[in-house]
1. Of everything in the stretch 196-217, what is surrounded by fewer than 20 Cβ atoms within 10 Å (Cβ to Cβ) and either within 19 Å of residue 155 (Cβ to Cβ) or not assigned by TED's automatic domain parsing to the domain that holds residue 153 (or both)? Give them in sequence order.
2. Looking only at the stretch 158-165, decide whether some residue is assigned to a helix (DSSP H, G or I), surrounded by fewer than 21 Cβ atoms within 10 Å (Cβ to Cβ), on the phi < 0 side of the Ramachandran plot and modelled with pLDDT of 95 or more.
3. Pull up the stretch 24-67, narrow it to residues that are part of a strand (DSSP E or B) and not aliphatic (A, V, I, L, M), then point me to the one that is surrounded by the most Cβ atoms within 10 Å (Cβ to Cβ).
4. If I go through the stretch 166-180 residue by residue, how many of them are outside any strand (DSSP E or B), out of contact with any helix residue (DSSP H, G or I) (no Cβ under 9 Å at 6 or more places or on another chain) and closer than 24 Å to residue 201 by Cα?
5. Looking at the stretch 104-115, is at least one residue without any contact (Cβ under 8 Å) to a residue 12 or more places away in the chain and of a type in the set (Phe, Trp, Tyr)?
6. What single numbered condition from (1) at pLDDT below 95; (2) part of a strand (DSSP E or B) fails to hold for residue 134?
7. Taking residue 201, is it assigned to a strand (DSSP E or B), aliphatic (A, V, I, L, M) and within 22 Å of residue 141 (Cβ to Cβ)?
8. Assuming residue 152 fulfils every condition listed in (1) more than 18 Å from residue 211 (Cβ to Cβ); (2) touching a strand residue (DSSP E or B) at 6+ places or on another chain (Cβ under 7 Å) apart from one, which condition is it?
Amino acid sequence: MTTANGHVSVNQKSVEAYLIKLSYTYGTVHQTRHFKTHSGTYVNVPAGLYGWSIKVTAETPKLSKLILAGKPVTRTPIIQGTGYHKNGQDFGSTYVEVSKASQHMWVHKNGRVIISTDVVTGKPPKGTTPSGVYVVWSKQRHATLRGLNDDGSKYASPVSYWMPVDDTGVGIHDSPWQPRYGGSWYVSHGSHGCVNTPPSVMAQVYANVPLKTPVVIY
């Protein structure tokens, strides 16, 4: 807009509103994914931690300055989160897939399944593993997982491999205390929400799944 003395300025609130709309339209962090499973069927998976959005507070002054310059410009906005690709791709062909109904996990790498294993997910209803598109945001060897049992008592479980994926304490780890995996075992012997993985397989998972890998749980 132009002020009374002839100076041109930019309405910051309008620029901010434009960026919020742009972020909501194209960003992925809040989106439900129509996900193609290992078997070729499709399921709707709710949003989790994985995805990106425009960092509106940082981008607003940058874009405002460019608008004031009055010249044509092509710009990639300042992004926050994970999974931004200029070609519009979301998480591509490398990710971890966990089916709670099948009690199974698949590690996909460049479009090929490199690890396939039975797992034990959370014990329903209180410990049910949350569905969503998450991300491996940390990796740790020899961690001790702590929390509360169903009866309110505290637990401390040492694990050799720990890969948290959400912001509530859910992750993928070995579970030497589990005598079996898969089937309906989780109904009575499920975890507190984590994806319990056989110790014989977990070392391979840890080695083949780098940080920022998407984890699709449904």
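The values are calculated or read from the model by the stated rules, or taken from the named source; none is laboratory data. Please read all numbers here as calculations on a predicted model, not as lab measurements. Cβ sites come from the backbone with ideal geometry, for glycine too, and all protein chains shown count toward neighbours.
1. 199, the sole residue that qualifies.
2. Taking the stretch 158-165 first, the residues assigned to a helix (DSSP H, G or I) are none.
No, the conditions are met nowhere in the stretch 158-165.
3. If we filter the stretch 24-67 for residues that are part of a strand (DSSP E or B), which is where we start, we get 33-36, 42-45, 47, 52-54.
Cutting the leftovers down to not aliphatic (A, V, I, L, M) gives us 33-36, 42, 44, 52-53.
Numbers: 33: 22, 34: 9, 35: 17, 36: 11, 42: 10, 44: 10, 52: 18, 53: 20.
Here the residue is 33.
4. Filtering the stretch 166-180 for residues outside any strand (DSSP E or B) gives 166-170, 175-180.
Add one more test, that the residue is out of contact with any helix residue (DSSP H, G or I) (no Cβ under 9 Å at 6 or more places or on another chain), and what stays is 166-170, 177.
Imposing the further condition that a residue be closer than 24 Å to residue 201 by Cα reduces the set to 166, 169-170, 177.
Number of matching residues: 4.
5. no
6. Every condition holds for residue 134 apart from (1).
7. Details: assigned to a strand (DSSP E or B): no; aliphatic (A, V, I, L, M): yes; within 22 Å of residue 141 (Cβ to Cβ): yes.
No; evaluated as a whole, the condition is false for this residue.
8. (2)
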